[in-house]
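Trainee: Once you've had a glance at the structure underneath, I'll fire off some questions.
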Amino acid sequence: MQTYLEGLNEQQLAAVQHIDGPLMIVAGAGSGKTKVLTTRIAHLMNSGVDAFNILALTFTNKAAAEMKERVEKALGNTEARNLYIGTFHSVFARILRSEANKLGYPNNFTIYDTDDAKSVIKGIVKDMNLDDKHYKPAYIYNRISAAKNSLLDPAKYRADTFVQEEDTRSHRPLIADIYDQYARRCFRNGAMDFDDLLFKMHTLLHEYPDALAKYQGRFSYILIDEYQDTNHAQYEIIKMLGARNENICVVGDDAQSIYSFRGATVQNILQFKDDYDDVRVIKLEQNYRSTQTILDIANSIIGNNKNQIPKELWTSNDEGEKIMLARTMTDNDEGRFVADSIKEQQMRNHYANKDFVVLYRTNAQSRSFEESLRRQNIPYKLVGGTSFYQRKEIKDYLAYLRIIVNPQDEENLKRIINVPTRGIGKTSIDKISVRANELDVTFWETIANPDIEGFRSANTDNFVMMINNFRTMLEKENAYDVAFFVGKHTGLVKDLYNDKSVEGIARYENVQELLNSIKEFTETPDEEGELHDKTLGSYLQQITLLTDADQDKAEDADAVKLMTIHAAKGLEFPCVYVVGMEENLFPSAMSLYDRSDLEEERRLFYVAVTRAKEKLWITYANSRYRFGSLVQNDPSRFISEVPPRYVDTTFTGTSNTGTPQRSNTGNLFNKQSFDKVPSLKKLADKLSAPKPAAHNPSPDFVPDDVSTMDAGMQVEHQKFGYGKILSLEGAPANRIATIEFGGGHGTKKIMLNYAKLRIVG
């Protein structure tokens, strides 16, 4: 047996050694699907399949890079560099660049990100004299995106009765017109958006038989990772590419299909057996991640879905502890419970911060956990913040670089034509845009063509000359040399350097980091095969195609992670808190009236549970503020799907049958078990104690000078009422007072510089 096959279990080995014919690998959570996929590729190559004939499609650049690295390591040679492994978007972008002339695009077409696309739509809405508060660019973009992923061009969109009825009901009957103008404008600008990379790939294969034959012959073996996350356009492209040889292998798990809001459809994996004859199905059910208790809970939860491929996860790991279910009075109490519990686990079991994750249904839930973790001085990382590449100074710099590669790119041209300021204001830009539309030419042609009168000035001439000078460097200089020259001669870097504010320094450091990344790109040895080079165009394609998952998931930092369950897919942690398990929150209120939506919510809960390796907590609050009102909650219906025998009822405050208590009265937790855990006992005592009486400040309340205060004085606080200063500590500028208050508020430490206290004796 080849060494790379060692360590595979029976089902994994069968999946790897299957060579010809359609294959569906149903890979349960934590079952080693990446190992199977990469080993299968290595085995194909070792069995005589040319690397150039293998296409592997993933959903993140990180996964693609890891697969290529593993294949290379398994075979012990560099042949893996010839593989076509990448995301759907990156692989299709490579193909479309080489076939762009068939579709009427330049091979250096720009790829618009979401912000670029919305900017184009915003301009169209303005040109059509529509109300952008009603025809919101973000809404229009999502409608166009959904249309493209359903393979509807503007004409089909206009002819689709159901789509038109939806637009009419939303009082936006002109979306079809906007879509038509958007498609025309992108084409005129030599640009494709992300969805076009799928849409135009489908067009290429569907309308050009020679291209279809070429790539069917080229890719005789096709492998698709996370097949349950594919949308209609991806499904149709894969069907066309694999139609000749049918050596198509899909790997996925219907139980983890959670992206319908992005256009993914679980039906793609559920109907795979109907799409091809003699499909072999191999189920990977041995889990290498979690305890058996966690897996038994997961199996029980997902067993309630009717629309699924049955599977039963098991493991040779330990049985593990029961899970813990906690009910709190409010969402703030829930945050405090989680923070205290993390602190306790760290002290008792020596977990690092990065061993914990808090998973919630929506980003809006993060606040109470952030506040509580800060109070406990526990470092945390909020996954899903503003991406580096979406920051203004980075977008401006990249806009210059994109314009150099493709000056027809109107959106990026408008973005930087007056950055830094060069006397080409908004009025001038609007006039040029109107003239360009009248003549049906690009914005660039309008300012660069000496025959077009009345829209050129010394400022625009200088700008055109500068861009043309930059463009002369493209053929002879690498990406870094061009980028550095651009930063220096546009004044971008100098402007940021001269801004010595905190924000200005941060922006300057961001730009330096961008240049660092370009430098690293140009100095990294070739690993991308035939199409990898060090040009500016190649660099721009790489960073444009970065996915959210590649940018945001920094697992290495020693910090507690806070994230939505959607963002956690593919990750694992020793300790997992699934929070906010309440009806109308999880499952979402919008999912309660449709079985398919409710089943996706259950799959989402399944994904959350299977992120846990060792310990799992489920929490919910009796009440929380939503949309400005305090709402009383019932526990999520999914909690009742957890078998009571797996729940630590002595810990959770549930009834002796394991059923969550729905009453808002009574003790919050089981006090006996909390007495065994000091920090949790303290929290339980605090949360179950009567609320302190509210204090109404004295009518003549005016804060006194804190520098005159001393131990022994009687003071009044606006919120905590009357108290006695017990002691003072710290330097004069940062003195901390320990004050004993009455009315049930107890003893508190207060920084005097921030306190408002009145001396009463």
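The values are calculated or read from the model by the stated rules, or taken from the named source; none is laboratory data. Bear in mind that the values here come from a model prediction, so they are computed numbers and not experimental data. Neighbour counts run over all protein chains shown; Cβ positions are idealised from the backbone, glycine included. The accessibility values were calculated without ligands, DNA or RNA, using every heavy atom of the protein model including side chains. Shrake-Rupley method; radii C 1.70, N 1.55, O 1.52, S 1.80 Å.
Trainee: For the chain, with the dipole built from +1 on Lys and Arg beta-carbon atoms and -1 on Asp and Glu ones, taken about the Cα centre, which of N299, M590, G425 lies farthest toward the positive end?
Mentor: Selected residue: M590.
Trainee: For Kirkwood radius over Cα pairs in Å, several values are listed as [x] 29.8; [y] 39.2; [z] 28.8; flag the one computed from this structure.
Mentor: After the calculation, the listed value that fits is [x].
Trainee: Find how much the distance from K306 to D451 grows on full extension, using 0.36 nm per residue of separation minus their present alpha carbon separation; answer in nm with one decimal.
Mentor: Extra length from K306 to D451 when fully extended: 45.4 nm.
Trainee: Sticking with this structure for a sec: For the range 583-643 and the range 16-77, what is the centre-to-centre distance using only Cα atoms, to the nearest Å?
Mentor: 35 Å
Trainee: Using the structure shown, select from K156/K200; K306/K569; K148/K306 the pairs with a Cα to Cα distance greater than 27 angstrom.
Mentor: K148/K306
Trainee: Subtracting the Cα-Cα distance from 0.36 nm times the residue separation, let me have the gained length for E520 to L439 in nm, one decimal.
Mentor: Additional length available on full extension: 24.9 nm.
Trainee: Could you provide, to the nearest whole Å², the per residue accessible area of the chain with probe 1.4 Å?
Mentor: Per-residue value: 45 Å².
Trainee: Expressed as an acute angle from 0 to 90° and rounded to the nearest 10, what is the orientation of the C-alpha long axis of helix 137-149 relative to the principal long axis of the chain?
Mentor: 60 degrees
Trainee: Let me ask another. Taking only DSSP H segments of four or more residues, each worth -39500 (n - 2.57), what value at 222 nm results for the chain once the sum is divided by all its residues, to the nearest 500 deg cm²/dmol?
Mentor: Computed ellipticity for the chain at 222 nm equals -13500 deg cm²/dmol.
Trainee: Which order do the peptides 25-36, 269-280 come out in when sorted by mean C-beta neighbours inside 10 angstrom, highest first?
Mentor: The densest-packed peptide leads the list: 25-36, 269-280.
Trainee: Round to a whole angstrom and tell me the spacing of the C-alpha centers of the range 282-313 and the range 337-399.
Mentor: 29 Å
Trainee: Rounding to the nearest 20 debye, state how big the charge dipole of the range 30-79 is about its Cα centre with +1 on each Lys and Arg Cβ and -1 on each Asp and Glu Cβ.
Mentor: Magnitude of the dipole: close to 260 debye.
Trainee: Treating only the Cβ of Lys, Arg, Asp and Glu as charged (+1, +1, -1, -1), what charge dipole size does the range 130-260 show about its Cα centre? Round to the nearest 20 debye.
Mentor: The dipole of the range 130-260 has a size of about 480 debye.
Trainee: Tell me the label-point distance for the pair S98, K426, using the 7 Å Cα-to-Cβ offset, in nm and rounded to one decimal.
Mentor: So the two model labels end up 4.6 nm from each other.
Trainee: With every protein chain in place, what's the accessible area of Y497 (1.4 Å probe, Å², nearest 10)?
Mentor: Spelled out: Y497, probe radius 1.4 Å, area about 120 Å².
Trainee: Which links in K239/K615; K62/K239; K136/K476; K126/K214; K311/K381 stretch past 32 Å when you go from one Cα to the other?
Mentor: Distance filter (> 32 Å) returns K239/K615; K136/K476; K126/K214; K311/K381.
Trainee: Please compute the modelled spin-label separation between N377 and K136, points set 7 Å along Cα→Cβ, answer in nm with one decimal.
Mentor: 4.2 nm
Trainee: Percent antiparallel among DSSP beta bridges with both residues in the chain, to the nearest 5?
Mentor: 35 percent
Trainee: For the residue pair D594 and R280, what label-to-label distance in nm results when each label sits 7 Å from Cα along the Cα-to-beta-carbon direction?
Mentor: Distance between the two pseudo-spin positions: 3.8 nm.
Trainee: Only four residue types carry charge here, +1 at the Cβ of Lys and Arg and -1 at the Cβ of Asp and Glu. Report the dipole size of the chain about the Cα centre in Debye, rounded to the nearest 20.
Mentor: Around 1920 debye, computed over the chain.
Trainee: Which length gain, in nm to one decimal place, applies between Q267 and S47 when the Cα-Cα distance is subtracted from 0.36 nm times their residue separation?
Mentor: Gain on stretching Q267 to S47: 75.9 nm.
Trainee: With unit charges on the beta carbons (Lys and Arg positive, Asp and Glu negative) and the dipole taken about the Cα centre of the chain, which residue among A117, A326, T315 sits farthest to the positive side?
Mentor: A326
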